[in-house]
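The values are calculated or read from the model by the stated rules, or taken from the named source; none is laboratory data. Computed from a prediction, not measured in an experiment: that's the story for all the values here. No Cβ is skipped: glycine too gets one built from the backbone with ideal geometry, and neighbour counts run over all protein chains shown.
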Amino acid sequence: MENTEESRSIRTDLSGIAVKAFGYLFIGFFSLCCLLPFLLVLGTSFTSEGMIKKHGFNFWPREFSTFAYKIVFENPDLMIGSYLVTMGITIVGTAAGLFIVAMTGYALQRPDFGYRNGISFFIYFTTLFSGGLVPFYLLMTQYLSLKDNYLAVLLPGLLSPFLIIMMKSFVRSIPHAITESAKIDGAGDFTIFMKLILPMTTPALATIGLFIALGYWNEWYNSMLFLSPDMDYRPLQLFLYNVVTSADFIRNSAAASNVELRDMPLESMKMATAVVATGPVILFYPFVQRYFIKGITVGAVKG
Amino acid sequence: MAAIVERALESKQQKQQRLSAGRLRRFWNNKTLLIMCLPAIAFFIIFAYLPMPGLYLAFINYNYSDGIFKSPFVAFDNFRFLVMNGDLWRLSFNTVAYNLVFITLGNVLQIMVAILLNEIRKKWFKKVTQTIMFLPHFISAVLIGLIAYNILSYDYGYLNGVLQSLGMEPVKTYSNPSIWPFIIVLTFLWQSTGYGSIVYFAAIMGLDNEIIEASEIDGANAFQRIIYIILPWLKPTFIILMLFSLGGILKGNFGLFFNLVGANNTALYATTDIIETYVFRSLMTNFNFSIGSAVSLYQSVFGFIIVITVNWLVRKASPENSLF
């Protein structure tokens, strides 16, 4: 392998070198653009408020300070509460959603399931036509009474047509003969799914589970719609949203941490909250990235 | 004669019996699989189908005290209102124009990144850059808004810091609508390019290496390889992806627009207001449920027509890729 590379590179003319050089430059530059904003947030979160007021946001703290983090954790109850809420929703939602998606995906992929086309279309149709935000909001708040209820965040995130289609594509790679022979041995459909199919689809389950979990961790839309800002423990992203946009919130946390309002590190506190809320995802994601890649490439091939 | 009719009737009855027996048997044989689908069916009934009749709101003048059933029926007045005051046109234009730019520039950049990544031989470089380019896709829309603020804020933004150190005037980004299309498009590209390039990269990986080698033996250089082999190879993927995104051309990315622009920044609406943000405001700020529903209904109906058309086109181009 090394050898052919060598001989190839000797034969390549200027255009090969040009393309490669441009490739390294462009990809390097674009990656830098993707990375720098994160460093800016990180740097700002460690900068003293006085320096921010004087020099603005910067990558490297001119005056290192952890005051913002102190304030964020001064109200440990709020932050830890938010963490626990988001983690709870993520764990319960991912487990339940994954189970339902896997079950549905398997059933809809069974060639001998008489209603598969009907149900597939029933699910798919929801991507083509929707009632829109207002009826959804009225349904959730007036008819299901889910206002200020964590279920309003948990339930709508359980599944999506996209994930079911993805599961179908994964299951398709398992030969139907396995199901058939198990049926001959007298196993019921649900047993086959639990005992045979689930263990065989662990990579698929990891991928789909990660998609659901990421969705819950980053969830802010339903939280913002259905959970009121004066709830004690908000999901993490709503907490971040309130820190970023709400002056009331800053005032309250100033009072709670016994700091004069004018001494509150307003700007660096926003950034520190962002770091605390997003840190886990960024640290965790390089290890699971390949599952997402698999999901995208499978999902792109239509269901 | 009567006998014949009688026989015909009888056989019809029998047929029906047989049919319903078959139906019953089909149901019985499939019952476990059907039960396995029930949670998902219930989910979509509740969260997707139940709201649909609510679009009736678009035809009434909803007020809170009368509720849905007693509020006065106004037929198409809400739509007339939206057309007359120009809102519908502005929203459609913004939504479609942004999406067209997103689709075009997005695909071009994604293809470019995929091809260049493929040219890069250093494994570590490829891995590290891919991971980094992927990163923006994994963060919440709220953080994206904060990052934009970090760069663009008038008082402390990084951009103004740089401008001032160069002796230039700071810019008031958050009150200048004309630069927002650029900011929004750049942010979109920033967030989606790494993620979107994966599909193209996977497609290039699927290209038979022998073809590349044969072209090299024939003396094709790197440019020629890209232009005559890789790009044509990516063409079907590109067409399919583009057509699918065209199907969603009336759907806006609420999270991106809402968090970049802010909830109440009226100064920027001219260039940043899309269907989703308008509907959101009509619900949460103006409490005008009927107008919001009218816009949603318009969006759903036209979106539906566009998807059907696009699918028809896909089926003509490559039947195995069509959705239905």
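Taking A:Leu78 as the residue in question, decide whether it is of a type outside the set (Ser, Thr, Tyr), touching a residue at least 60 places away in the same chain (Cβ under 8 Å) and either assigned by TED's automatic domain parsing to the domain that holds A:Pro156 or touching a Gly at 6+ places or on another chain (Cβ under 6 Å) (or both).
Here the answer is yes, as A:Leu78 does meet what is asked.
Identify all residues within the stretch B:254-270 that are in a helix (DSSP H, G or I) and not hydroxyl-bearing (Ser, Thr, Tyr); write none if there are none.
Those that are in a helix (DSSP H, G or I) and not hydroxyl-bearing (Ser, Thr, Tyr): B:Phe254, B:Gly255, B:Leu256, B:Phe257, B:Phe258, B:Asn259, B:Leu260, B:Val261, B:Ala267, B:Leu268, B:Ala270.
Starting from the stretch A:107-123, keep only residues that are within 27 Å of B:Met52 (Cα to Cα) and at pLDDT 90 or above, then list their pairs with residues that are of a type in the set (Lys, Arg) and in a helix (DSSP H, G or I) whose Cβ atoms are within a distance under 6 Å, requiring at least 6 positions of separation or different chains.
A:Leu108/A:Arg116; A:Leu108/A:Lys168
Anything in the stretch B:213-253 that is in a helix (DSSP H, G or I), touching a Phe, Trp or Tyr at 6+ places or on another chain (Cβ under 9 Å) and within 30 Å of B:Leu91 (Cβ to Cβ)? List them, or say none.
Those that are in a helix (DSSP H, G or I), touching a Phe, Trp or Tyr at 6+ places or on another chain (Cβ under 9 Å) and within 30 Å of B:Leu91 (Cβ to Cβ): B:Phe238, B:Leu241, B:Ser245.
Looking at (1) among the charged types (D, E, K, R); (2) within 14 Å of chain B (Cβ to nearest Cβ); (3) in a helix (DSSP H, G or I), which is the only condition A:Arg62 fails?
Result: A:Arg62 passes all but (3).
If you go through the stretch A:143-195 one residue at a time, how many are closer than 30 Å to B:Val279 by Cβ and more than 9 Å from chain B (Cβ to nearest Cβ)?
16
What helices (runs of 4 or more DSSP H) lie completely within the stretch B:24-90 and have 2 or more residues being closer than 15 Å to B:Gly292 by Cα and hydrophobic (A, V, I, L, M, F, W, C)?
Correct list: B:77-84.
Test of understanding: among B:Phe134, B:Phe138, B:Phe188, which residue is touching a residue at least 24 places away in the same chain (Cβ under 8 Å) and within 8 Å of another protein chain (Cβ to nearest Cβ)?
Unique residue meeting the criteria: B:Phe134.
Those residues that are over 28 Å from the mean Cα position of the chain (by Cα), over 16 Å from B:Leu117 (Cα atoms), of a type in the set (Val, Ile, Thr) and facing chain B (nearest Cβ under 7 Å), I need them from the stretch A:10-50; list them, please.
The one that is over 28 Å from the mean Cα position of the chain (by Cα), over 16 Å from B:Leu117 (Cα atoms), of a type in the set (Val, Ile, Thr) and facing chain B (nearest Cβ under 7 Å): A:Thr12.
Any chance you could count how many residues in the stretch A:178-202 are among the small types (Gly, Ala, Ser), assigned to a helix (DSSP H, G or I) and surrounded by fewer than 16 Cβ atoms within 10 Å (Cβ to Cβ)?
1
Give the residue, chosen from B:Ile249, B:Ile212, B:Ile240, that is in contact with a helix residue (DSSP H, G or I) (Cβ under 7 Å, 6 or more places away or on another chain), surrounded by fewer than 19 Cβ atoms within 10 Å (Cβ to Cβ) and of a type in the set (A, V, I, L, M).
One residue alone meets the criteria, B:Ile212.
Can you tell me which of A:Asp189, A:Asp248, A:Asp263 is more than 30 Å from A:Leu283 (Cα to Cα), in contact with a Ser or Thr (Cβ under 6 Å, 6 or more places away or on another chain) and in the same structural domain as A:Val275 (by TED's automatic domain parsing)?
A:Asp189
Take the residues in the stretch B:201-212 that are away from every other protein chain (no Cβ under 13 Å) and outside any helix (DSSP H, G or I), then tell me which one is nearest to the chain's Cα centre (by Cα).
Across the stretch B:201-212, the extreme among qualifying residues is B:Leu207.
Surrounded by 17 or more Cβ atoms within 10 Å (Cβ to Cβ), more than 8 Å from chain A (Cβ to nearest Cβ) and either in a helix (DSSP H, G or I) or touching a Pro at 6+ places or on another chain (Cβ under 7 Å) (or both): is that true of B:Ile291 in this structure?
yes
Quick test for you: out of A:Ile212, A:Ile293, A:Ile282, A:Ile250, pick the one residue that is at pLDDT 95 or above, of a type in the set (A, V, I, L, M) and at negative phi.
None of the others qualify; the one that does is A:Ile212.
Among the residues in the stretch A:98-119, are any buried (at least 19 other Cβ atoms within 10 Å of the Cβ), part of a helix (DSSP H, G or I) and away from chain B (no Cβ under 11 Å)?
Yes: one or more hits.
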